[in-house]
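Chemist: Quick one: this structure, given as structure tokens, is what I'll be asking you about.
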Amino acid sequence: MTRFVFTVLLLAAALPASVETQDRASAPDGLASAAIAGQITSADSGAPIRGAQVRLRSATGGDTRLAITDEGGRFEAPNLFSGGWLITVSKNGYITTRYGQRRSSDEGTPITLGARQRATIAIAVQRAGAITGRVFDEFGDPLQGARIQAMRSRMVNGIRQLVAVGSSDTTDDTGSFRVYGLAPGTYYVSSMLRASAPDTDLAQNTLGALTYYPGTADVGEAQGMVLRAGEDINVAFQTAPIRSVRVSGVVLGANGAPAADTPVRLLRLDGNQVGTTVGNFGQSAADGSFSIINVPPGPYVLVASRMGPIPSRPGGADINRLFEEATVPIAVGTDDVGGVTVAMTFGTTLSGTIVADAGSTLPSPLRVELVARTQAAIGRGPAIIQVSRTTGQPTSFQIPGLLGSVTLGVNLPDGLMLAAIEANGVDVTDKPIDLRGAAPDIRIVLSTRVTEVSGVVSNGRVPVAGASVVVFPDDRTKWAFPSRYVTFADADGQGRFVIRRLPSHERYFAAVVTSLDDGDQFDQELLERLREHAATFTLGEGERKTISLTLER
């Protein structure tokens, strides 16, 4: 199986290094008396860009403004309310860019203004690329009506998978397509025939499977292509000449009876839902039977879930019995898969308390967030609850509706870090908690002795802004998602970084990369490469350590 290629890219095209603010003495003293002005330029040439749309959105929501750049690339947005403003720049042929953006998933950095204050900014935007080409069927004829999607390799919940990015296109009568507005990087291209036909053997045999360039139905054999800024790449490929198969079976409720009208999803182990608009996809019949057609070979998980009736009054029903779910792993080859039984079960409530470790006192009031994730991110998303208290008494919690095995995480306010998570007295921190039997009693132990690692990134002479610092332990068994031992931080404009809440009594590596997508810190192949030139340090309980890191060229 071909391994996905990992590329480290500088995705942030915004250059927010110099933000000048000044009071507007002549403006009236009111809330809508602030302003943001600036210039938009091309990142490759530095030339001003006219006709760019500059959208300003209040960080608290509700208020939006639009400004258009003049022939000098300049814009001004007057009469703004006090507070934070998020700025997005768009222009045909360029990558849509958010001010202060470091990676594609960032919302950007808001500019905070007071009354009568004026900010002046400069944003450089990068030229966008495109992937064009033609798609043919297995006989060499142009394929009309196929949906073409550009995809990037991403780490999602610790699993590397292909994620759709940018716009999609549909092939015309010559099989031609164009997917545009793409940032530099490595891309994969997929083709899926967008058709609608009855659930028949004929439709199943002739529609074909999801195909990846250069013409394979196996995602592991997909080939990436490197797209540079402003470049167009032209490709041509045939759909895979492979018979996709049917997966069928029956869904049973938690009471053992056939479950009608129950959503059934077929997921690849990387979490991508598969299938087309053809046939009975995603719903069981009156007798609990289901059939999913046009399934390419590969490893999958069948997920069935349904909600029960909601009680008319609070406390009128056990919340665990409001939700049923089941997951069944299956392997799809070249033959139909039938007779699959998906037996759903009710959820379980995970209960426990939040306490302080010896020598620590929890603050009052206290507000924390608990996150329960299912293994391999299969089925529902993570269960998230907020736990609050206003007194110094122990804090209890309950997370209902959990099934199978979960990993528990904690998001904490400043001044606190996780010391341990115990299940019936056994340390299960960063480990799965099995809920298939009696639910264990959970004890979450917090500490006020917060570790901190800080420092400066330089090129050996002067600080370097905008780099990312990846920290991970020497123990490889602690690299898997989710792990408190693996994290990253972005260096600021002076090259400074701060990382808090790393577990103590560990030997760590610290390495610098020019840019990092959120989630890629759990790419074990990346960590193996980084450790070859990484700095090392150890961290004691509650210790604050300062390290200096050099960006390798």
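Chemist: For residue 478, list the lysines whose Cα falls under 20 Å from its own Cα; do not include residues on the same chain fewer than 8 positions away.
Modeler: Straight-distance partners of residue 478: 431.
Chemist: To the nearest µm²/s, what D does Stokes-Einstein give for the stretch 452-550 at 37 °C and 0.692 mPa s, using the Kirkwood radius over alpha carbon pairs as Rh?
Modeler: Using the Kirkwood radius from Cα pairs, D works out to 245 µm²/s.
Chemist: Compute, for the stretch 348-447, the length of the dipole vector about the Cα centre, with Cβ point charges of +1 (Lys, Arg) and -1 (Asp, Glu) only. Units Debye, rounded to 20.
Modeler: 280 debye
Chemist: May I ask what percent, to the nearest 5, of DSSP beta bridges between residues of the stretch 20-125 are antiparallel?
Modeler: 75 percent
Chemist: Out of the GluC sites (Glu not before Pro) in the stretch 400-509, which ones are loop residues according to DSSP with at most 15 other C-beta atoms within 10 Å?
Modeler: none
Chemist: Step through the residues of the stretch 258-268 one at a time and calculate ³J(HN,Hα) from phi using the Karplus curve (6.51 cos²θ - 1.76 cosθ + 1.60, θ = phi - 60°), rounding each to whole Hz and writing x for Gly and Pro.
Modeler: x, 9, 8, 6, 9, x, 10, 10, 10, 10, 5
Chemist: Ok, one more. On full extension of the chain, what length is gained from residue 477 through residue 438, given 0.36 nm per residue of separation minus the C-alpha to C-alpha distance?
Modeler: Fully extending the segment from residue 477 to residue 438 adds 11.3 nm.
Chemist: Further question: Compute the Rg/Rh shape ratio of the stretch 348-447: radius of gyration over Kirkwood radius, all on alpha-carbon atoms.
Modeler: 0.95
Chemist: Take residue 172 and residue 484, extend 7 Å from each Cα along the Cα→Cβ direction, and tell me the distance between the two endpoints in nm.
Modeler: Each label point lies 7 Å from its Cα, and together they span 5.8 nm.
Chemist: Using only alpha carbon pairs under 8 Å that are at least six residues apart, calculate the relative contact order of the stretch 395-553 and give it in whole percent.
Modeler: 24 percent
Chemist: Rounding to the nearest 20 debye, state how big the charge dipole of the stretch 129-238 is about its Cα centre with +1 on each Lys and Arg Cβ and -1 on each Asp and Glu Cβ.
Modeler: Dipole about the Cα centre, nearest 20: 600 debye.
Chemist: If you don't mind, another one. Please give the peptides 149-162, 434-447 ranked by average Cβ packing (other Cβ atoms within 10 Å per residue), highest first, as a rough proxy for protection.
Modeler: With the highest mean Cβ count within 10 Å placed first, the list reads 149-162, 434-447.
Chemist: Find the Rg to Rh ratio for the stretch 46-142, where Rh is the Kirkwood radius over alpha-carbon pairs and Rg uses the same atoms.
Modeler: Rounded to two decimals, Rg over Rh is 1.17.
Chemist: Per-residue counts of other Cβ atoms within 10 Å, averaged by peptide: what ranking do you get for 56-69, 84-97, 347-360, highest first?
Modeler: 84-97, 347-360, 56-69
Chemist: Using the Cα gyration tensor of the stretch 129-238, with a ≥ b ≥ c the square roots of its eigenvalues, what is the shape: rounded (a/c below 1.5), prolate (a/b larger than b/c) or oblate (neither)?
Modeler: Taking the square roots of the gyration eigenvalues as a ≥ b ≥ c, the stretch 129-238 is oblate.
A short reminder: the numbers here are calculations on the coordinates, not readings from a lab. Nothing here was measured: the structure is a model prediction, and the numbers come from that model. Glycine also receives a Cβ, built like all others from the backbone with ideal geometry; neighbour counts cover every protein chain displayed.
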